[in-house]
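Chemist: Pasting a structure below so you can have a look.
The values are calculated or read from the model by the stated rules, or taken from the named source; none is laboratory data. Just so it is clear, the structure is predicted and the values come from calculations on it, not from any experiment. With ideal geometry, Cβ positions are generated from the backbone for all residues, glycine too; neighbour counts draw on all protein chains shown. Heads up: the accessible areas ignore ligands, DNA and RNA and are worked out on the full protein's heavy atoms, side chains in. Shrake-Rupley method; radii C 1.70, N 1.55, O 1.52, S 1.80 Å.
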Amino acid sequence: MYSKIEIEHLSLTMFKPHASDPSIMALEGLKRRILGSVGLLKGKRQVDEETVKELTKSLRRALLEADFNVRQAKELTERIERRLMEEEPRPGVKLETHAMNLIYTELVRLLGPAREIKPHNETVLMVGLYGQGKTTTTAKVAEWWRRKHGVKVAVIEADVHRPGAYAQLQQLLEDSPVEVYGEPDENDATKIVRNGIKAVGTADVLIIDTAGRDSLDEELRDELVKIAEIANATERFLVIDAQVGQAAGPVAQTFHDLVGVTGTIVTKLDGTARGGGALSAVSVTGAPIVFVGEGERVGDLEKFESDRFISRLLGMGDIKGLIDLAPEDLDQEEAIRLTQRLMSGRFTLTDMYTQMEMMSRIGTVDRILSHLPDGMFGMGSMSAGQKRQMQSNLAKYRVIMDSMTQHEKDEPLVLKSQRIRRIARGSGTTEKDVKELLNQWNRSRKMMRGMKGDRRMRKQMQSMMDVDDLDLEMG
Ligand SMILES: Nc1nc2c(ncn2[C@@H]2O[C@H](COP(=O)(O)OP(=O)(O)O)[C@@H](O)[C@H]2O)c(=O)[nH]1
Ligand SMILES: [Mg+2]
């Protein structure tokens, strides 16, 4: 069982600052303003339209000030406004906390799901304009990979336009076993890449740093495309300075057209209060943020996971905030058992019932659903009305299932017309009701089947349900 969760802890006191987070410090202003907006609900027991309007207006201003994309800021606040009006907080949860959770969910949705990184057999091409932090980030990412996955990493310095690039990279990695390949006197970048691949290409991960200018000229474009061809890179990471704000989108697009960007790295998030621009602008190009750079040192790199990032931004402390929202009486062992069963591909009527029961007990379902593919539980976000509907369905299903044998519950496919008639009669319901239950089961089962093969999904489920990871910060 979950330890008894102190609902009071869900109050705004849990949104405390994390002083040691440079990138978060940078967006401190945004956080302060979000807290300020949410503070409008303080002491209120019920939302009213006027306050919600005021709140979302102030929220939109906060996002714009942090340089979030105008259209996205609008959409985001409209969604939050709607949800604030429609969804009720679960009992005992303050309105402010409820609003904070909605904002959290919507921000995470805006920035998209985390981008997976393969541990080895990767060749990474780093691209980007001049001074964005490519060389620094090449070193950072190399070290990250080596540490995180314990693999052999080598880097190639292919920037022949900036004098001293090789020395710079070498210096950044002087304390690291990462192998650095470069030919400081060669001025043909493609040659260096060819030679480099021969020399250090056996490493598990190979990272190639390239040149950039203020803007891309024809020569540089050609060079980049050639290097990309030779390297046959599995990943093309665009390095972009957080300060560029809204311009991040168009820049990303330019590079995307050239080499097919697979991921974005936003650098210098420690140095700007307006990082929201780069964060949200690149998300519209479809090349998700993979890392964020938050300092000049090699260790100042973080794998970007929007949920963690946003919860830290809002001071909610990673996934723990999410778990804090689970109902006090949600049986954790049961949750794990169910997850394992779902993952095994078996899905009985009892499983469906348990699943629905769990979901109906969780007030802020969306918070959890935001980590799962849409519709995994057969619902996106539930309004209060839908929740009531689900609860009354559950009551009906319980009665119907009580009239079934264990075998029928385990193998609902055996339920043909005669048995259906018997069950309806036995439970005092109609055949239509029984069929409805079976239809619901069928839909859920199909969804589960789709999930089964989804590795990312499995990992998410595991991390969500994993007891070891649930050491509650709020205790
Ligand atoms: N504060 C801070 N500075 C950074 C970060 N990444 C790079 N820099 C600095 O930005 C400058 C340009 O970086 P560099 O790697 O040479 O950029 P390149 O021209 O794209 O290769 C250097 O002074 C770096 O130390 C970061 O995440 N935070
Ligand atoms: Mg460089």
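Chemist: Quick one: in region 267-282, of everything that is polar (S, T, N, Q) and more than 20 Å from VAL127 (Cβ to Cβ), which residue is nearest to ligand 1 (Cβ to nearest atom)? Give the derivation first.
Modeler: Of the residues in region 267-282, the ones polar (S, T, N, Q) are 267, 272, 280.
Among the residues that remain, those that are also more than 20 Å from VAL127 (Cβ to Cβ) are: 272, 280.
Details: THR272: 9, SER280: 18 Å.
Going through the qualifying residues, I end up with THR272.
Chemist: Further question: Being within 15 Å of ligand 2 (Cβ to nearest atom), open to solvent by less than 50 Å² (accessible area, probe 1.4 Å), small (Gly, Ala, Ser) and outside any loop (DSSP other than H, G, I, E, B): is that true of ALA142 here? Before the answer, list the steps.
Modeler: Numbers: within 15 Å of ligand 2 (Cβ to nearest atom): yes; open to solvent by less than 50 Å² (accessible area, probe 1.4 Å): yes; small (Gly, Ala, Ser): yes; outside any loop (DSSP other than H, G, I, E, B): yes.
Answer is yes for this residue.
Chemist: Within region 257-301, can you find the residues that are under 18 Å from the mean Cα position of the chain (by Cα), modelled with pLDDT under 90 and surrounded by fewer than 20 Cβ atoms within 10 Å (Cβ to Cβ)?
Modeler: VAL284, THR285, GLY286, PRO288
Chemist: For the list (1) within 23 Å of ALA252 (Cβ to Cβ); (2) more than 16 Å from ligand 1 (Cβ to nearest atom), I need the number of the one condition that VAL200 fails.
Modeler: So VAL200 meets the others, but not (1).
Chemist: Of all residues being in a strand (DSSP E or B) and away from ligand 1 (no atom under 16 Å from the Cβ) in region 167-187, which is nearest to LYS152 (Cα to Cα)? Just the residue, please.
Modeler: To start, the set of residues in region 167-187 that are in a strand (DSSP E or B) comprises 179-181.
The next check asks that each one be away from ligand 1 (no atom under 16 Å from the Cβ); those that pass are 179, 181.
Numbers: GLU179: 9, TYR181: 14 Å.
If we take residues in region 167-187 being in a strand (DSSP E or B) and away from ligand 1 (no atom under 16 Å from the Cβ), then GLU179 is nearest to LYS152 (Cα to Cα).
Chemist: For region 74-104, which residues satisfy the criterion of being touching a residue at least 40 places away in the same chain (Cβ under 8 Å), in contact with a Leu (Cβ under 9 Å, 6 or more places away or on another chain) and in a helix (DSSP H, G or I)?
Modeler: Going through region 74-104, the residues touching a residue at least 40 places away in the same chain (Cβ under 8 Å) turn out to be 83, 86-104.
If we keep only those that are in contact with a Leu (Cβ under 9 Å, 6 or more places away or on another chain) as well, we get 83, 87, 89-90, 92-104.
Hits for region 74-104 are ARG83, LEU95, GLU96, THR97, HIS98, ALA99, MET100, ASN101, LEU102, ILE103, TYR104.
Chemist: Restrict the check to region 146-158 and report whether at least one residue is in the same structural domain as ILE207 (by TED's automatic domain parsing), within 12 Å of ligand 1 (Cβ to nearest atom), part of a loop (DSSP other than H, G, I, E, B) and not acidic (Asp, Glu).
Modeler: yes
Chemist: If a residue must be near ligand 1 (Cβ under 9 Å from one of its atoms) and either in contact with a helix residue (DSSP H, G or I) (Cβ under 8 Å, 6 or more places away or on another chain) or modelled with pLDDT of 95 or more (or both), how many such residues does region 99-131 contain?
Modeler: Counting residues in region 99-131 that are near ligand 1 (Cβ under 9 Å from one of its atoms) and either in contact with a helix residue (DSSP H, G or I) (Cβ under 8 Å, 6 or more places away or on another chain) or modelled with pLDDT of 95 or more (or both) gives 3.
Chemist: Something else about it: Specify which of the listed residues (GLY128, GLY150, GLY164) is within 12 Å of ligand 2 (Cβ to nearest atom), at positive phi and without any contact (Cβ under 8 Å) to a residue 60 or more places away in the chain.
Modeler: Working: GLY128 fails: without any contact (Cβ under 8 Å) to a residue 60 or more places away in the chain; GLY150 fails: within 12 Å of ligand 2 (Cβ to nearest atom).
When all the criteria are applied, what remains is GLY164.
Chemist: Taking only region 241-266 into account, find how many residues are within 14 Å of ligand 1 (Cβ to nearest atom) and over 26 Å from ASN121 (Cβ atoms). Show your work before the answer.
Modeler: Filtering region 241-266 for residues within 14 Å of ligand 1 (Cβ to nearest atom) gives 241-244, 251, 255, 264-266.
From what's left, over 26 Å from ASN121 (Cβ atoms): 241-244, 251.
The qualifying residues number 5.
Chemist: Can you pull out every residue in region 20-44 that is open to solvent by 20 Å² or more (accessible area, probe 1.4 Å), under 16 Å from SER311 (Cβ atoms) and modelled with pLDDT of 75 or more? If you could, list the steps in order and put the result at the bottom.
Modeler: Residues of region 20-44 that are open to solvent by 20 Å² or more (accessible area, probe 1.4 Å), as a first pass: 20-22, 25, 28-29, 32-33, 35-36, 39-40, 42-44.
Next, from what is left, pick out any that are under 16 Å from SER311 (Cβ atoms): 20-21, 25, 28, 35.
Listed by number, the list holds a single entry, LEU35.
Chemist: Something else: With ARG419, ARG449, ARG456, ARG443 as the choices, which residue is open to solvent by 60 Å² or more (accessible area, probe 1.4 Å), at pLDDT 70 or above and closer than 21 Å to ARG346 by Cα?
Modeler: Numbers: ARG419 fails: closer than 21 Å to ARG346 by Cα; ARG449 fails: at pLDDT 70 or above; ARG456 fails: at pLDDT 70 or above.
Only one candidate qualifies: ARG443.
Chemist: State all residues of region 167-184 that are over 35 Å from the mean Cα position of the chain (by Cα) and either open to solvent by 20 Å² or more (accessible area, probe 1.4 Å) or within 15 Å of GLU296 (Cβ to Cβ) (or both); if no residue qualifies, say none. Working first, answer last.
Modeler: Going through region 167-184, the residues over 35 Å from the mean Cα position of the chain (by Cα) turn out to be 167, 182-184.
Of everything in region 167-184, those that are over 35 Å from the mean Cα position of the chain (by Cα) and either open to solvent by 20 Å² or more (accessible area, probe 1.4 Å) or within 15 Å of GLU296 (Cβ to Cβ) (or both) turn out to be ALA167, GLU183, PRO184.
Chemist: Any chance you could count how many residues in region 199-223 are open to solvent by 30 Å² or more (accessible area, probe 1.4 Å) and part of a loop (DSSP other than H, G, I, E, B)?
Modeler: Summing the residues that are open to solvent by 30 Å² or more (accessible area, probe 1.4 Å) and part of a loop (DSSP other than H, G, I, E, B) in region 199-223 gives 7.
Chemist: If you scan region 224-250, which residues turn out to be assigned to a helix (DSSP H, G or I) and either crowded, with 21+ Cβ neighbours inside 10 Å or not assigned by TED's automatic domain parsing to the domain that holds GLY271 (or both)? Spell out the reasoning first.
Modeler: Applying the first criterion (assigned to a helix (DSSP H, G or I)) to region 224-250 yields 224-231, 242-250.
Within region 224-250, LEU224, ILE227, ALA231, ALA242, VAL244, GLY245, ALA248 qualify.
Chemist: Scan region 251-282 for residues that are out of contact with any strand residue (DSSP E or B) (no Cβ under 7 Å at 6 or more places or on another chain), part of a helix (DSSP H, G or I) and in contact (Cβ under 8 Å) with a residue 12 or more places away in the chain and jot them down.
Modeler: Result: GLN253, THR254, HIS256, LEU258, GLY276, GLY277, SER280, ALA281.
Chemist: Okay, next question. Among the residues of region 188-198, what is the count of those that are part of a helix (DSSP H, G or I) and open to solvent by 20 Å² or more (accessible area, probe 1.4 Å)?
Modeler: Here the count works out to 5.
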